[in-house]
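The values are calculated or read from the model by the stated rules, or taken from the named source; none is laboratory data. All of these numbers come straight from a predicted model, not from anything done at the bench. Glycine gets a Cβ as well: all are built from the backbone with ideal geometry, and neighbour counts include every protein chain shown.
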Amino acid sequence: MKEELNILIQAQYPLIYLVTSEEERAELSISAIAQSSKPQRRVYVWTVTHGIVEYGQPRNVTQHNTVSPEAAIEWIIRQKEPAIFILKDLHPFIDAPATTRSLRDAIASFKGTNKNIILMSPMQQVPIELEKEVVVLDFQLPDMGELNKVLTYHIDQNRGRRLTTEAREKLLRAALGLTKDEAEKVYRKAQVTTGRLTEDEVDIVLSEKKQLIRRNGILEYIEEDETIEAVGGLEELKKWLTQRSNAFTERAREYGLPQPKGMLILGVPGCGKSLIAKTTSRLWGLPLLRLDMGRVYDGSMVGRSEANLRNALKTAESISPAILFIDELDKSFAGSSGSGDSDGGTSSRIFGSFLTWMQEKKSPVFVMATANRVERLPGEFLRKGRFDEIFFVDLPTPEERQDIYRIHLTKRRTDISRFDLQQLAKMSDGFSGAEIEQALVAAMYEAFAQDREFTQLDIIAALKATLPLSRTMQEQVTALRDWARQRARPAASSVAEYQRMEF
Ligand SMILES: Nc1ncnc2c1ncn2[C@@H]1O[C@H](COP(=O)(O)OP(=O)(O)O)[C@@H](O)[C@H]1O
Ligand SMILES: [Mg+2]
């Protein structure tokens with residue numbers, strides 16, 4: 001990023017929009033760029049509270065009469081020397097006609113000078129008049145190198161023990177995805193908790209990071225205790241995932257393999273889509289970050305939703321390699337491609353930004369999305385090449401159902417030999433995995449109320465009392481199947497597929 005910003009400044013881009021909440025870090029970078037550029041540039045910072053102040057000067061050494069945005073920009077236009085002008089948090093004023101106009105005047109006057117304006121703000125808001133003139137840049141979160149400085153400083157301050165290279169790397173990696181201030185905070189917290197900062201404190205750093213990420217509310221760290229063995233059936237899908245266990249390693253790159261981009265798991269509700277997605281985290285040994293699209297949308301201010309999405313994606317990228325889990329994608333983007341423009345186009349803009357990000361991302365963030373309904377999914381997602389693979393999870397075959405019974409019974413009882421799995425599988429045609437599990441639980445409740453152990457007959461009774469979704473929503477399920485047969489890869493093994501047709 002710093003490189004990119006440097007290039008833009010040297011190339012005399014008049015107006016750069018830097019999206020960040022880390023003002024101090026960003027100012028430091030800009031000042032370093034200003035000093036190393038030829039010719040050297042001064043740096044001025046504008047805020048609505050102090051007007052224009054030269055970077056590094058005390059706040060009261062302000063340029064006279066530069067508090068109003070227009071006055072500040074007029075002042076900037078008058079300057080002759082090479083300089084970078086940082087306007088902090090101009091976004092609440094940027095839509096005012098006079099502000100927009102004076103920015104355009106400034107841009108026009110910058111031709112052939114070594115002057116640039118950098119708009120710095122935690123959220124992106126660009127009026128249409130300026131869209132063509134401005135380059136938007138995300139200021140990236142600190143990388144390992146920058147975090148290393150934070151850690152070193154912290155250890156020196158606390159006269160801590162020297163760390164081994166491995167311990168240091170673990171502590172750094174654990175703080176990836178945090179801002180500099182946040183990283184300082186988690187290292188301090190770990191230090192205070194145990195009185196030292198060593199490899200043993202990595203878990204504290206990690207759990208603090210999880211909390212900080214949760215607090216931002218849009219991304220959530222998910223820890224799933226189940227392994228992929230807890231998923232019944234879906235052999236093809238499991239094989240695909242297992243084959244890619246080491247896809248994000250250096251070794252895979254050296255071998256010449258491309259980095260997987262993402263997958264979409266479509267299918268009937270309750271058949272294990274979310275479950276298998278979550279277990280992939282363990283299988284691949286990568287963190288799983290759930291992106292809650294519902295929380296991305298925020299109508300309180302123009303540009304807020306976009307800023308939320310950007311921040312979430314930026315955090316995911318800085319924690320990468322990681323899995324970005326979007327459960328029920330169909331709900332997240334419903335209506336974004338339709339005509340229902342009830343939210344002033346926000347959802348289609350969000351959808352557009354997300355697609356662009358997916359298209360252009362170089363970072364090892366694997367997108368794992370699930371969806372229950374295709375008709376609500378924008379067609380762009382289904383186009384070839386968007387995801388590495390689209391899998392279809394159908395209702396379980398008899399074989400798969402046996403597997404599901406075995407898994408869920410084994411979870412609850414050590415000896416399950418008294419159950420006839422084959423019969424149970426046969427009696428639950430059209431049941432989803434979730435419905436099978438529910439029937440088991442219902443049977444257990446029944447027996448428990450009568451103060452006895454549950455039996456095969458209890459389960460059968462519970463099955464008979466259930467009307468599965470595949471029957472109540474037969475039309476939808478059939479439509480989904482017909483659609484998916486032609487366009488998606490079956491998640492069940494081909495043998496199971498063959499059995500399904502016979503059944
Ligand atoms: N194939 C399966 N194997 C084992 N359990 C399953 C399976 N499918 C569903 N379940 C059970 O039902 C629960 C809900 O399934 P879920 O993964 O949320 O379904 P989906 O996301 O497809 O709607 C799971 O947590 C699991 O307990
Ligand atoms: Mg689900």
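Some values worked out for this structure:
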| quantity | calculated |
| --- | --- |
| Sole residue being within 16 Å of ligand 2 (Cβ to nearest atom), on the phi > 0 side of the Ramachandran plot, in the same structural domain as T370 (by TED's automatic domain parsing) and not hydroxyl-bearing (S, T, Y), chosen from G256, G232, G267 | G267 |
| Condition check for R196: outside the structural domain of I323 (by TED's automatic domain parsing), among the charged types (D, E, K, R), more than 30 Å from R104 (Cα to Cα) and not in a helix (DSSP H, G or I) | yes |
| Single match in R406, R412, R489 (criterion: of a type in the set (K, R) and in contact with a strand residue (DSSP E or B) (Cβ under 8 Å, 6 or more places away or on another chain)) | R489 |
| Residue within the range 220-235 that is surrounded by 19 or more Cβ atoms within 10 Å (Cβ to Cβ) and within 24 Å of I350 (Cα to Cα) present | yes |
| Enumeration of residues in the range 176-198 that are touching a residue at least 40 places away in the same chain (Cβ under 8 Å) and surrounded by fewer than 18 Cβ atoms within 10 Å (Cβ to Cβ) | D181 |
| Residue satisfying all of: in the range 424-463; among the polar types (S, T, N, Q), assigned to a loop (DSSP other than H, G, I, E, B) and over 39 Å from the mean Cα position of the chain (by Cα); nearest to ligand 2 (Cβ to nearest atom) among these | T455 |
| Number of positions in the range 144-161 that are closer than 18 Å to E24 by Cβ and among the small types (G, A, S) | 1 |
| Out of I222, I265, sole residue that is of a type in the set (A, V, I, L, M) and farther than 30 Å from A479 by Cα | I222 |
| Scan of the range 364-408 for residues that are of a type in the set (K, R) and more than 16 Å from ligand 2 (Cβ to nearest atom), ordered by number | R383, K384, R386, R401, R406 |
| Close pairs (6 angstrom Cβ cut-off, 6 or more residues apart or separate chains): free of Cβ contacts under 8 Å to residues at least 12 places away in the same chain in the range 251-276, of a type outside the set (S, T, Y) and away from ligand 2 (no atom under 16 Å from the Cβ) anywhere | A252/N246 |
| Complete set of residues in the range 67-113 that are closer than 20 Å to H50 by Cβ, of a type in the set (D, E, K, R) and out of contact with any strand residue (DSSP E or B) (no Cβ under 7 Å at 6 or more places or on another chain) | E70, E74, R78 |
| Output for the range 197-222, where each listed residue is within 15 Å of ligand 1 (Cβ to nearest atom) and more than 15 Å from the chain's Cα centre (by Cα) | none |
| Residue within the range 282-298 that is surrounded by fewer than 16 Cβ atoms within 10 Å (Cβ to Cβ), within 16 Å of ligand 2 (Cβ to nearest atom), closer than 30 Å to Q474 by Cβ and not hydrophobic (A, V, I, L, M, F, W, C) present | yes |
| Matching residues, the range 23-66, being buried (at least 16 other Cβ atoms within 10 Å of the Cβ) and aliphatic (A, V, I, L, M) | A26, I30, I33, A34, V43, V45, I52, V53 |
| Some residue of the range 365-373 being more than 16 Å from ligand 1 (Cβ to nearest atom) and either surrounded by fewer than 15 Cβ atoms within 10 Å (Cβ to Cβ) or free of Cβ contacts under 8 Å to residues at least 12 places away in the same chain (or both) | no |
| Residue selected from the range 107-127 under the condition more than 28 Å from the chain's Cα centre (by Cα) and among the β-branched types (V, I, T), by the criterion farthest from D95 (Cα to Cα) | T113 |
| Residue within the range 242-263 that is crowded, with 22+ Cβ neighbours inside 10 Å, within 20 Å of L480 (Cα to Cα) and away from ligand 1 (no atom under 13 Å from the Cβ) present | yes |
| Candidates S245, S281, S305, S274, filtered to the one that is of a type outside the set (D, E) and farther than 30 Å from L421 by Cβ | S305 |
